[in-house]
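Heads up: the structure comes next, in C-alpha cells.
No value in this document is a laboratory result; all are computed from the given coordinates. These figures come from a predicted structure and were not determined experimentally. A quick note on method: Cβ atoms are made from the backbone with ideal geometry, for glycine too, and the neighbour counts reach across all protein chains shown.
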Amino acid sequence: MKKIPVYLLLLLVSLVFLFDPVRSFAQQDSTNLINGLSYEVLYPENQKEKDLGYFDLQMEPGQEQTVALKLYNSLSKELTVQVSLNTAKTNSIGKVEYGPNNLKADSSLTNDFINIVKGPQKVVVPPNSSKKVDVSIGLPKTASKGLIAGGIQLKPVNETKANNQGGKDTVINEFAFLIGVLVRVGDTSKIQPELKLNKTYIAFKDGKSHLFANISNIHPVYTEGMSIVVQVRKANKQKNLFEYRKDKMRMAPNSIIDFPIELADKGITAGKYTAQINISSKNAAHWSWTEDFTINTLEANSLITTRVEKRATGKLFFGFLFFILLLGLFIVRVVYKRIKSKKI
C-alpha cells in the first residue's frame, strides 16, 4: 500500500477547514453541570403537566402561591448563583426570549411577569450540598384571563482575582440555566391571538438599510406557527420589486416584534414605495396590511454602497476559492508525476 504524501494530507485538511460545517451543540438541561451547578424543578399540585422542565401553572385572579427550585452544588466550595426574573418577549427573528434582554414591552401588557413574580437576586449554595429557592407568585384580583409568561435565569458567579490595571476583583459570568414559567389565569382555551401593525419605518441594522414592520400581539396568548410574507412595489404600481418570506415564527403574549427586511440588492432607489404585509398563524388566522414608505437619498446611497461592497466581497471570495483550486490541482499533478516516475 502506497503512502500518501504529507503535503497532500495537509491540503485535504485545509480544504476541510475552509468549508467549515455547521456545528451543533447539545442543549443544556437540569442534569448538566454549569460550573458545578445543577437544579431540579419542584412541581406544585397545580402544575398542568409533570416533567416538562418548566412551570406550567393554572391559577385564578387574586391567588397567591410559592413555587420552588432545588439548586445543587457539586463543588467543594460555596457557589453563588445569580437569579434573574424576566418577562417573555419576542425578538426580531420571531423567537421568544425568556432570559435578560433589552426588548421593549408592548403597551397591551397589563399583567407583567416581573410585577407578579418575586424571588431572591442571589443564592449561596453550600459546598457539596443543595439549597431550596422559593419564588412567589401573586396575581392581582383584577388580573384578566390569559397567559403570563417569563423565565427564571440561574447563573453561577465565579469570583476571581484578575490582573487588571486597577488590581480589583472581577466577576466572570459565563453560562446559565433558564427555566420557563407559564401562568394560566382562568380559562384561556377560547382566547385567540390578535396582531396589530403599529408602524413601518426605515432604519439601519448592522450598517445596512432595512424596512422594519413593528407588529404587536395584543392578546395574552402565544401566536404559534407564524408566517410572514412582505411584498414591496413602487407606489401606485402593481408589479412587485421583491418578496420576502419567513416561516416558523412565534410571538409571546402581549409582545412586540420589530421585523427587519433587508433592502440591499433589491433594486431600491430613492422614491415612494408600498409594502403589502401578510401574516398567517397555525390556527388559520390571517392579517393583512398595506403601508406606504419613502426611501430618501441618504438611504438610497447606503443601499448602493452595500451592493458594491457585497459584489467586491463576492469577487474576493471566488478569487480565493479559484486560487485554492489551482493550488490543489498543481499539488495533485506533482504527486501524480512523482508516483509515475517511481513506477518507471
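Count neighbours as other Cβ atoms within 10 Å of each site's Cβ, and list the trypsin sites (Lys or Arg not before Pro) in the stretch 49-114 that are DSSP loop with at most 11 such neighbours.
Lys50, Lys77, Lys104
Which number do you get for Rg(Cα) / (2.2 N^0.38 Å) in the stretch 250-300?
So the stretch 250-300 has a normalised radius of gyration of 1.47.
List the relative contact order of the stretch 195-298 as a percent without decimals, with contacts defined as Cα pairs under 8 Å and 6+ residues apart.
So the answer I get is 29 percent.
Loop-only GluC sites (Glu not before Pro) in the stretch 45-149, please: DSSP not H, G, I, E or B, and at most 15 other Cβ atoms within 10 Å.
When the GluC sites (Glu not before Pro) of the stretch 45-149 are filtered for loop state and at most 15 Cβ neighbours within 10 Å, Glu45, Glu49, Glu78 remain.
I'd like the distance separating the alpha-carbon centroids of the stretch 53-130 and the stretch 225-266, in whole Å.
Taking the Cα centre of each part, the stretch 53-130 and the stretch 225-266 sit 33 Å apart.
Past the 27 Å Cα-Cα mark, which pairs from Lys95/Lys132; Lys50/Lys145; Lys118/Lys145; Lys48/Lys131; Lys48/Lys118; Lys95/Lys196? Show your work: numbers first, answer last.
Details: Lys95/Lys132 31 Å; Lys50/Lys145 23 Å; Lys118/Lys145 21 Å; Lys48/Lys131 25 Å; Lys48/Lys118 21 Å; Lys95/Lys196 18 Å.
Exceeds cut-off: Lys95/Lys132.
So how compact is the stretch 34-185: Cα radius of gyration and Dmax in angstrom?
Cα-based Rg and Dmax for the stretch 34-185 come out at 17.2, 55 Å.
Length gain on complete extension for the stretch Lys131 to Leu75, per 0.36 nm per residue less the alpha carbon to alpha carbon distance?
Value of the extension gain: 18.8 nm.
I want to check the label-to-label distance for Lys104 and Ala235. Put each point 7 Å from Cα in the C-beta direction and report it in nm to one decimal.
The answer from the label model is 2.4 nm.
Using r as the Cβ-Cβ distance of Phe293 and Glu40, and R0 as 41 Å, what FRET efficiency do you calculate, to the nearest 0.05?
0.20
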